[in-house]
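Below: the structure, in structure tokens.
Computed from the coordinates by the stated procedures, all read-outs in this text should not be read as laboratory data. What you see is a predicted model; the values in this text were computed from it and never measured. Here Cβ is always computed from backbone atoms with ideal geometry, including for glycine, and neighbour counts include all displayed protein chains.
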Amino acid sequence: MATASIILPIPPTSFDPVAPAALSFYAEGTEQHNVHWMVLFDDSDSEWCYWQFQLPANYASAPVLHLTYSMASANTTDDVVLGASVGSHAEGETGEGDTWDTENSLTETVDDTAGDVNVTSITLTNNDSMAANEFVMIKFRRDGGNGSDAAAGDLELLTARLDYTTT
């Protein structure tokens, strides 16, 4: 079996209406010639963003969410707590409502230098039995305010990608 990827856009499809992550951008210099978007997740509250898409016809199994991020503040190798939930809907099922499988979580030790790039992955073991051609939603969060998430400052999400095995 081969592996394929779906690039999840930054900015994401949407933000949580109650606890939204923030959208920002980095601009270098006065001409802003080097601009890139990032999603900011606070250190004192759980904040969410969402992606929605249709799974390709070649989807088989083993979804893994890959994330690239940096931290706005220096940390002394503290942890962040991240989570991803999946909602999947086949043809004929309702795509409305808040139907999510159990969250897949990860505790990640971050680099101790502000702005350094970190790369991590969350295996989506709980994936709502997603299958080829289904409408899929991924809900991602930083669980700031959780006692285990002690990294100070915003987590700056730079990229997101879903890898899976193909048929």
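Among (1) 15.3, 46; (2) 16.3, 52; (3) 16.3, 49, find the value of Rg and Dmax of the Cα atoms in Å that was calculated from the structure presented, and write down its label.
(2)
Cut-off is 10 Å between beta-carbons; in what order do Tyr59, Tyr26 appear when sorted fewest neighbours first?
Working: Tyr59 22, Tyr26 14.
So the residues, fewest neighbours to most, are Tyr26, Tyr59.
Which of rounded, prolate, oblate describes the range 77-167, given a ≥ b ≥ c as roots of the alpha-carbon gyration tensor eigenvalues and a/c under 1.5 marking rounded, otherwise prolate only if a/b is larger than b/c?
Values: a/c = 2.82, a/b = 2.02, b/c = 1.40.
Since a/c reaches 1.5 and a/b is larger than b/c, the shape of the range 77-167 is classed as prolate.
At Trp100 and His36, where each label point lies 7 Å from the Cα along Cα→Cβ, what is the point-to-point distance in nanometres?
Result for the modelled spin labels: 2.7 nm.
Express the relative contact order of the chain as a whole percentage, based on alpha carbon pairs under 8 Å and six or more residues apart in sequence. Please report the intermediate quantities before stating the final value.
Working: 458 pairs, mean separation 65.3, N = 167.
Reported as a whole number, the value is 39 percent.
State the extension gain, in nm to one decimal, for the chain segment bounded by Asp116 and Ala19, taking 0.36 nm per residue of separation less the distance between their alpha-carbons.
On the way: separation 97, 0.36 × 97 = 34.92 nm, distance 2.60 nm.
Here the answer is 32.3 nm.
Compute the Rg/Rh shape ratio of the range 119-167: radius of gyration over Kirkwood radius, all on alpha-carbon atoms. Walk me through the intermediate numbers first.
Values: Rg = 14.3 Å, Rh = 13.9 Å.
Computed over Cα atoms, the ratio is 1.03.
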